[in-house]
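*Asks:* Here's a structure for you.
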Amino acid sequence: MKIMALSVLAVALLGATTAPHSKDITIVVNGQSVVTRAPDVATVSLGIVTVNDVAQNATSDNNRRYEDLRTRLHSLGIPDSSIRTVSFNVNYVAPEPQLPLSERPRSGYTVSRQIEVRATNLESVGTIIDQAVAANATDINNISYSISNERAVYAQALGSAVADAQRQAKAMASAANLRILRIAAMQSGYFAQPVIMRAAAVRRDGGPLPVPTQISPSNIDVHANVTVTYVVGP
């Protein structure tokens, strides 16, 4: 089971709080909660790298492969709004004749395009990869999974974490023959970390027809935590 860890990045005050006075008796507790959800969004990261001694030829080859990929993705019902070029670079590698032939890097112009494809039909992820290979993409970098209503799921986990903190505070106060008077402060924060599945570079060897790619994502655990300061008294 993969985990989406939600921990402190930014601190937010929850609800009305009152700073404790110097003579107040306080207890501080950490409440925690986990909510499990299946992901409903997949992002496939692809790469197209082309090399040629002529810059225009390298660029044209890259553009041709990208247009082929777009056409194939459109046939799967994926619109242009879900196909995003995140980087496009052209670099020149000079020849190095002084090196042994087996150690010389490929010289010429290298065009690198990195693409992200967003899909809400998770069953189509394997087909997206197969169509990318058919369009002569050179890299399948990774597949990440996330939850579209992440904030709502986190809010649910956060509410349970507050309830957990309250149970702990009541138990501590009762054991000390005290009772909770009020909340002095509450703090919480988070960051979202999607489930990421790594993939390798694509290799095409002209062999038999490939077996269709199957990708099965894991559930995501949404973790929330809060720190609550309670003022207690007799």
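What follows is calculated from the coordinates using simple rules that are stated; it is not laboratory data. Computed from a predicted model, the values in this text were never measured in an experiment. All Cβ positions, glycine included, derive from the backbone under ideal geometry; neighbour counts span all protein chains shown.
*Asks:* Count charges around LEU158 for me, please; just the other residues with Cβ under 13 Å from its Cβ, Lys/Arg as +1, Asp/Glu as -1.
*Replies:* Surrounding charge for LEU158 is -1.
*Asks:* How many angstrom lie between the Cα centre of segment 79-102 and the Cα centre of segment 121-167?
*Replies:* Segment 79-102 and segment 121-167 have Cα centres spaced 29 Å from each other.
*Asks:* With an 8 Å Cα cut-off and a minimum separation of 6 or more residues, compute the relative contact order for segment 39-184 in percent.
*Replies:* Computed over segment 39-184, the figure is 38 percent.
*Asks:* Using the number of other C-beta atoms within 10 angstrom as an exposure proxy, rank SER33, SER112 with the fewest first.
*Replies:* By the 10 Å Cβ count, ascending: SER112, SER33.
*Asks:* How would segment 143-184 be classified by its alpha-carbon gyration tensor: rounded, prolate or oblate, with rounded meaning a/c under 1.5 and the a/b versus b/c comparison settling the rest?
*Replies:* It comes out prolate by the Cα gyration axes.
*Asks:* Moving on. Under 13 Å from the Cβ of ARG118, count the other residues' Cβ atoms, weight Lys and Arg +1, Asp and Glu -1, and hand me the total.
*Replies:* -2
*Asks:* Please give the net charge around THR71, taking every other residue with its beta carbon less than 13 angstrom from that of THR71, where Lys and Arg add +1 and Asp and Glu add -1.
*Replies:* Around THR71, the charge tally is +1.
*Asks:* So, one more: If you find the alpha carbon centre of segment 22-45 and of segment 56-71, how far apart are they in angstrom?
*Replies:* A separation of 45 Å, based on Cα centres.
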